[in-house]
Amino acid sequence: MKIQKILVPVDFSANSRPAIDAAISLAQQTGGSVTLVHVSEIPALIGGGPLSAEVPATFNYAAVRKAVLEQVERQFKELTASLGVPVETVTKEGVPFNEIIHTAESIGADLIVMGTHGYTGFKHLLIGSVAEKVVRGSPIPVLTIRPQAAAKGQ
């Protein structure tokens, strides 16, 4: 398996950094490149339906979206300033695990490297796991980096 294109989902939490570092290391060893993707989840309760929330008349989705995208771009600039390999950035909107898998397929990624939050038990049940859904649904190999393992240098 030749690893030339590595996709790294980034949520800008501390758990993203070990995955980025692992991807950069792999890209340096293989002469590959890294694509960082951030997925902003569209609020499901705004769109209508039986569980929808009342949206105030003053709510300006376009302004909120623009502010989020500007913040993501600032974060990406800080993150990619000194990575040492070719890096591209992608911003998507939608359901995170779906967009991650779709992006990996659309760019021809050879590998997805992503951090996990390390939730277990009841918290995992309530919050779910984007990493788990990507692992289960991706036709592309996925390397997950646990925060505890990264902290111990494993």
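The values are calculated or read from the model by the stated rules, or taken from the named source; none is laboratory data. Remember, it's a predicted structure, so these values are computed and weren't measured experimentally. As a convention, Cβ positions derive from the backbone with ideal geometry for all residues, glycine included, and neighbour counts pool all protein chains shown.
Residue-by-condition table, conditions (1) surrounded by 12 or more Cβ atoms within 10 Å (Cβ to Cβ); (2) more than 21 Å from Asp21 (Cα to Cα); (3) out of contact with any helix residue (DSSP H, G or I) (no Cβ under 9 Å at 6 or more places or on another chain); (4) at pLDDT 80 or above:
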{"site": "Glu41", "(1), (2), (3), (4)": "yes, yes, no, no"}
{"site": "Phe76", "(1), (2), (3), (4)": "yes, no, yes, yes"}
{"site": "Leu79", "(1), (2), (3), (4)": "yes, no, no, no"}
{"site": "Glu99", "(1), (2), (3), (4)": "yes, yes, yes, yes"}
{"site": "Ala104", "(1), (2), (3), (4)": "yes, no, no, yes"}
{"site": "His117", "(1), (2), (3), (4)": "yes, no, no, no"}
{"site": "Gly137", "(1), (2), (3), (4)": "yes, yes, no, yes"}
{"site": "Thr144", "(1), (2), (3), (4)": "yes, no, no, yes"}
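Can you tell me which residues in the stretch 3-20 are among the hydrophobic types (A, V, I, L, M, F, W, C) and within 13 Å of Val87 (Cβ to Cβ)?
Step one: list which residues in the stretch 3-20 are among the hydrophobic types (A, V, I, L, M, F, W, C), which gives 3, 6-8, 10, 12, 14, 19-20.
Matches in the stretch 3-20: Ile6, Leu7, Val8, Val10, Ile20.
Taking the conditions exactly as written (at pLDDT below 75, under 25 Å from His102 (Cβ atoms) and either outside any helix (DSSP H, G or I) or of a type in the set (S, T, N, Q) (or both)), does Ala53 satisfy them or not?
Values: at pLDDT below 75: yes; under 25 Å from His102 (Cβ atoms): no; either outside any helix (DSSP H, G or I) or of a type in the set (S, T, N, Q) (or both): yes.
No.
Within the set of pairs 6+ apart or on separate chains, which have a first residue in the stretch 89-116 that is on the phi > 0 side of the Ramachandran plot, a second that is outside any helix (DSSP H, G or I) and modelled with pLDDT under 95, and C-beta atoms under 8 Å apart?
Gly94/Val39; Gly94/Glu41; Gly94/Ile42
Kindly establish whether Thr58 is more than 23 Å from Gly137 (Cβ to Cβ), β-branched (Val, Ile, Thr) and modelled with pLDDT under 90. Break it down into steps so the answer makes sense when it comes.
On the way: more than 23 Å from Gly137 (Cβ to Cβ): yes; β-branched (Val, Ile, Thr): yes; modelled with pLDDT under 90: yes.
Yes, satisfied.
Can you name the residue in the stretch 1-33 that is among the β-branched types (Val, Ile, Thr) and under 19 Å from Val135 (Cβ atoms) and is also farthest from the chain's Cα centre (by Cα) among such residues?
So in the stretch 1-33, the residues among the β-branched types (Val, Ile, Thr) come out as 3, 6, 8, 10, 20, 24, 30.
From what is left, the residues that are under 19 Å from Val135 (Cβ atoms) are 3, 6, 8, 10, 20.
On the way: Ile3: 19, Ile6: 12, Val8: 6, Val10: 4, Ile20: 10 Å.
If we take residues in the stretch 1-33 being among the β-branched types (Val, Ile, Thr) and under 19 Å from Val135 (Cβ atoms), then Ile3 is farthest from the chain's Cα centre (by Cα).
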